[in-house]
Amino acid sequence: MLESLTTLGLCICMLTGLSGVASAATVIVNGGTPVSVHLEAPLSSSTAKAGETFRIMAAAPLVASGWVVVRSGAVGQGTVTAASPAGKSGRQGTLSVTFDWIYSASGAKIPLAAIERNQAGKNKTGSSNAANIGATLILGPLGLFAHNFVKGHDVNVATSHMFKAYVGRTVAVGASHMYSSH
(Lines give C-alpha, C1' and ligand atoms only; values in the text may rest on other atoms or scores of the structure.)
Protein backbone atom coordinates (compact mmCIF):
# COMPACT_ATOMS: atom_id res chain seq x y z
CA MET A 1 0.00 0.00 0.00
CA LEU A 2 2.82 2.43 0.88
CA GLU A 3 4.49 1.60 -2.42
CA SER A 4 1.27 2.43 -4.32
CA LEU A 5 0.95 5.79 -2.54
CA THR A 6 4.59 6.64 -3.31
CA THR A 7 4.06 5.78 -6.98
CA LEU A 8 0.84 7.83 -7.05
CA GLY A 9 2.63 10.79 -5.39
CA LEU A 10 5.46 10.58 -7.94
CA CYS A 11 2.96 10.56 -10.82
CA ILE A 12 1.15 13.61 -9.41
CA CYS A 13 4.44 15.49 -8.99
CA MET A 14 5.42 14.72 -12.58
CA LEU A 15 2.02 15.81 -13.91
CA THR A 16 1.99 19.09 -11.99
CA GLY A 17 5.55 20.05 -12.91
CA LEU A 18 6.99 19.56 -9.42
CA SER A 19 9.57 17.09 -10.68
CA GLY A 20 12.12 19.88 -11.38
CA VAL A 21 11.46 19.82 -15.14
CA ALA A 22 10.17 23.12 -16.51
CA SER A 23 6.77 23.02 -18.14
CA ALA A 24 4.87 25.66 -20.12
CA ALA A 25 4.20 28.99 -18.42
CA THR A 26 2.28 32.21 -18.93
CA VAL A 27 4.73 35.09 -19.27
CA ILE A 28 4.20 38.86 -19.33
CA VAL A 29 5.77 40.58 -22.35
CA ASN A 30 6.03 44.34 -21.89
CA GLY A 31 4.91 46.76 -24.56
CA GLY A 32 7.93 48.19 -26.34
CA THR A 33 9.94 44.94 -26.15
CA PRO A 34 12.01 44.69 -29.38
CA VAL A 35 11.53 41.79 -31.79
CA SER A 36 14.02 41.24 -34.64
CA VAL A 37 12.16 40.44 -37.87
CA HIS A 38 12.79 40.14 -41.60
CA LEU A 39 10.57 39.79 -44.64
CA GLU A 40 9.67 36.31 -45.86
CA ALA A 41 9.79 37.49 -49.49
CA PRO A 42 11.37 40.58 -51.10
CA LEU A 43 9.26 43.74 -51.34
CA SER A 44 9.59 46.48 -53.99
CA SER A 45 8.09 49.92 -54.48
CA SER A 46 7.66 49.01 -58.15
CA THR A 47 5.06 46.30 -57.37
CA ALA A 48 3.75 46.91 -53.83
CA LYS A 49 0.34 48.52 -53.32
CA ALA A 50 -1.02 50.36 -50.27
CA GLY A 51 -3.11 48.00 -48.12
CA GLU A 52 -1.27 44.90 -49.31
CA THR A 53 -0.15 42.54 -46.53
CA PHE A 54 3.09 40.58 -46.42
CA ARG A 55 4.63 37.96 -44.16
CA ILE A 56 7.39 38.64 -41.67
CA MET A 57 9.46 36.16 -39.68
CA ALA A 58 11.19 36.37 -36.31
CA ALA A 59 14.95 36.48 -36.92
CA ALA A 60 15.73 35.30 -33.37
CA PRO A 61 13.73 33.98 -30.42
CA LEU A 62 12.07 36.53 -28.16
CA VAL A 63 12.84 35.63 -24.56
CA ALA A 64 11.00 37.08 -21.55
CA SER A 65 11.73 36.07 -17.96
CA GLY A 66 13.88 33.22 -19.28
CA TRP A 67 11.06 31.73 -21.38
CA VAL A 68 10.80 31.58 -25.19
CA VAL A 69 7.66 33.54 -26.06
CA VAL A 70 8.33 33.87 -29.82
CA ARG A 71 10.31 31.18 -31.61
CA SER A 72 12.94 32.02 -34.21
CA GLY A 73 11.19 31.70 -37.58
CA ALA A 74 7.75 32.52 -36.14
CA VAL A 75 5.49 34.06 -38.78
CA GLY A 76 3.72 37.40 -38.56
CA GLN A 77 2.15 40.02 -40.78
CA GLY A 78 3.00 43.49 -42.02
CA THR A 79 1.07 45.95 -44.18
CA VAL A 80 2.19 48.28 -46.97
CA THR A 81 0.88 51.71 -45.96
CA ALA A 82 2.13 53.60 -49.05
CA ALA A 83 4.10 52.77 -52.19
CA SER A 84 5.02 54.57 -55.37
CA PRO A 85 7.32 53.32 -58.09
CA ALA A 86 10.26 55.31 -59.41
CA GLY A 87 9.29 57.59 -62.24
CA LYS A 88 10.39 59.91 -64.97
CA SER A 89 12.46 63.00 -64.32
CA GLY A 90 14.52 61.05 -61.78
CA ARG A 91 11.64 60.71 -59.27
CA GLN A 92 12.55 58.12 -56.63
CA GLY A 93 10.34 55.24 -55.55
CA THR A 94 8.98 55.22 -52.00
CA LEU A 95 7.78 52.44 -49.72
CA SER A 96 6.18 52.68 -46.25
CA VAL A 97 5.27 49.65 -44.13
CA THR A 98 4.09 48.74 -40.64
CA PHE A 99 4.47 45.44 -38.78
CA ASP A 100 1.11 44.27 -37.41
CA TRP A 101 1.56 41.09 -35.35
CA ILE A 102 3.65 37.95 -34.84
CA TYR A 103 2.70 34.50 -33.53
CA SER A 104 3.79 33.61 -30.00
CA ALA A 105 5.17 30.19 -29.11
CA SER A 106 1.66 29.23 -27.96
CA GLY A 107 0.07 30.33 -31.26
CA ALA A 108 -1.47 33.60 -30.04
CA LYS A 109 -1.01 36.79 -32.06
CA ILE A 110 1.22 39.34 -30.31
CA PRO A 111 0.36 42.86 -31.53
CA LEU A 112 3.29 44.91 -32.79
CA ALA A 113 3.52 48.70 -32.51
CA ALA A 114 2.21 50.52 -35.57
CA ILE A 115 5.46 52.35 -36.27
CA GLU A 116 5.69 53.28 -39.94
CA ARG A 117 8.99 52.56 -41.68
CA ASN A 118 9.72 54.67 -44.75
CA GLN A 119 12.30 54.11 -47.43
CA ALA A 120 13.03 56.12 -50.55
CA GLY A 121 15.02 55.13 -53.61
CA LYS A 122 17.96 57.16 -54.91
CA ASN A 123 16.81 60.46 -56.27
CA LYS A 124 18.13 61.29 -59.74
CA THR A 125 16.59 64.71 -60.22
CA GLY A 126 20.09 66.22 -60.43
CA SER A 127 20.88 63.83 -63.28
CA SER A 128 17.57 64.70 -64.86
CA ASN A 129 18.33 68.43 -64.72
CA ALA A 130 21.85 67.89 -66.04
CA ALA A 131 20.49 65.79 -68.92
CA ASN A 132 17.94 68.48 -69.67
CA ILE A 133 20.58 71.27 -69.76
CA GLY A 134 23.06 69.20 -71.79
CA ALA A 135 20.45 68.07 -74.29
CA THR A 136 19.12 71.62 -74.69
CA LEU A 137 22.61 72.88 -75.49
CA ILE A 138 23.14 70.12 -78.05
CA LEU A 139 19.64 69.61 -79.49
CA GLY A 140 18.09 73.02 -78.94
CA PRO A 141 14.42 73.21 -77.90
CA LEU A 142 13.97 69.48 -78.54
CA GLY A 143 16.42 68.81 -75.68
CA LEU A 144 13.95 70.26 -73.15
CA PHE A 145 12.32 66.80 -72.99
CA ALA A 146 15.50 64.88 -72.12
CA HIS A 147 14.59 64.79 -68.40
CA ASN A 148 11.77 62.38 -69.29
CA PHE A 149 14.34 59.68 -70.05
CA VAL A 150 16.05 59.73 -66.63
CA LYS A 151 14.35 57.30 -64.23
CA GLY A 152 14.80 57.27 -60.44
CA HIS A 153 15.43 54.13 -58.36
CA ASP A 154 12.80 51.87 -56.81
CA VAL A 155 12.99 50.75 -53.18
CA ASN A 156 13.82 47.04 -52.97
CA VAL A 157 13.85 45.36 -49.56
CA ALA A 158 15.62 41.98 -49.47
CA THR A 159 14.73 39.14 -47.10
CA SER A 160 18.15 39.56 -45.49
CA HIS A 161 17.30 43.10 -44.28
CA MET A 162 16.64 43.03 -40.52
CA PHE A 163 14.12 45.30 -38.81
CA LYS A 164 13.36 46.00 -35.17
CA ALA A 165 9.67 45.67 -34.48
CA TYR A 166 8.25 46.38 -31.03
CA VAL A 167 5.53 44.67 -29.00
CA GLY A 168 2.54 47.01 -29.24
CA ARG A 169 1.20 46.64 -25.69
CA THR A 170 1.86 44.55 -22.59
CA VAL A 171 0.46 41.05 -23.11
CA ALA A 172 0.38 37.74 -21.25
CA VAL A 173 1.32 34.86 -23.54
CA GLY A 174 2.00 31.18 -23.21
CA ALA A 175 5.67 30.26 -23.42
CA SER A 176 6.72 26.83 -24.70
CA HIS A 177 10.02 26.24 -22.95
CA MET A 178 12.87 27.82 -21.02
CA TYR A 179 15.49 29.53 -23.19
CA SER A 180 18.79 27.76 -23.68
CA SER A 181 21.61 29.20 -25.77
CA HIS A 182 22.86 25.68 -26.55
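The values are calculated or read from the model by the stated rules, or taken from the named source; none is laboratory data. These numbers were taken from a predicted model, which means no experiment stands behind them. Virtual Cβ from ideal backbone geometry, glycine too; neighbours counted across all protein chains shown.
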> Taking segment 73-93 on its own, how many of its residues are over 18 Å from Thr53 (Cβ atoms) and at pLDDT below 95?
Replying inline: 10
> In segment 40-64, what residues are part of a loop (DSSP other than H, G, I, E, B) and either crowded, with 17+ Cβ neighbours inside 10 Å or in contact (Cβ under 8 Å) with a residue 60 or more places away in the chain (or both)?
Replying inline: Glu40, Ala41, Pro42, Ser45, Ser46, Ala48, Ala59, Pro61
> Is there a residue being within 12 Å of the chain's Cα centre (by Cα), of a type outside the set (Lys, Arg) and under 19 Å from Val171 (Cα atoms) anywhere in segment 89-98?
Replying inline: no
> What are the residue pairs meeting all of these: first residue in segment 169-182, first residue without any contact (Cβ under 8 Å) to a residue 40 or more places away in the chain, second residue assigned to a strand (DSSP E or B) and loosely packed, with under 14 Cβ neighbours inside 10 Å, Cβ atoms under 9 Å, and 6 or more apart or on different chains?
Replying inline: none
> So which residues in segment 72-115 are surrounded by fewer than 19 Cβ atoms within 10 Å (Cβ to Cβ), in a loop (DSSP other than H, G, I, E, B) and in contact with a strand residue (DSSP E or B) (Cβ under 7 Å, 6 or more places away or on another chain), if there are any at all?
Replying inline: Ser72, Gly73, Ser106, Ala108, Ala113, Ala114, Ile115
> If we scan segment 136-149, do we find a residue that is within 30 Å of Val29 (Cα to Cα), crowded, with 19+ Cβ neighbours inside 10 Å and at pLDDT below 95?
Replying inline: no
>> Against the conditions (1) surrounded by 18 or more Cβ atoms within 10 Å (Cβ to Cβ); (2) out of contact with any Pro (no Cβ under 6 Å at 6 or more places or on another chain); (3) modelled with pLDDT of 90 or more, where does Met162 fall short? Just the number, please.
In response: (1)
